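The structure appears below as structure tokens.
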Amino acid sequence: VADDAHMEGKQVSICGEMAGDPAAALLLMAMGYDILSMNASNLPKVKWVIRNFTLVRAKELLDRVMHMDNPYMIRSYLDYTLSESGFGRLVKPGRAVAEAG
């Protein structure tokens with residue numbers, strides 16, 4: 001979608017909970033979304049991650065999760081990557097475990 005829109009000179013935007021999740025925002029950025037619309041309370045976290053995570057790294061992250069077929073595994077990997085990249089305070093403790101159970 002993003003590639004086709006960009007070929008037509010159009011920006012691509014998404015609004016909702018996914019755009020306000022820092023890890024998901026990285027994936028959306030890697031997919032080519034230009035505008036992420038979210039609740040104002042999520043804006044500082046998402047801006048902080050996007051400004052401190054390169055597009056190259058985001059695309060590598062997207063490539064890795066595209067080969068995963070389990071949503072809990074994907075969430076766990078995203079949380080792990082954020083933690084290992086110094087964004088651990090954005091990861092809710094025990095979220096991946098709680099969601100899997």
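The values are calculated or read from the model by the stated rules, or taken from the named source; none is laboratory data. Keep in mind it's a predicted model, so treat the numbers as computed, not measured. Cβ coordinates were reconstructed from backbone atoms using ideal geometry, including for glycine residues, and neighbour counts include every protein chain displayed. Quick note on the areas: whole protein, heavy atoms, side chains included, nothing else; ligands and nucleic acids left out. Shrake-Rupley method; radii C 1.70, N 1.55, O 1.52, S 1.80 Å.
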Residues located in the range 1-37, provided they are among the aliphatic types (A, V, I, L, M), open to solvent by 60 Å² or more (accessible area, probe 1.4 Å) and in contact with a helix residue (DSSP H, G or I) (Cβ under 8 Å, 6 or more places away or on another chain): Met18, Met31
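Sort through Asp4, Asp69 and tell me the only one that's charged (D, E, K, R) and part of a helix (DSSP H, G or I).
Numbers: Asp69 fails: part of a helix (DSSP H, G or I).
Being charged (D, E, K, R) and part of a helix (DSSP H, G or I) holds for just one of Asp4, Asp69, which is Asp4.
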Some residue of the range 53-61 being modelled with pLDDT under 95 and either assigned to a loop (DSSP other than H, G, I, E, B) or surrounded by 18 or more Cβ atoms within 10 Å (Cβ to Cβ) (or both): yes
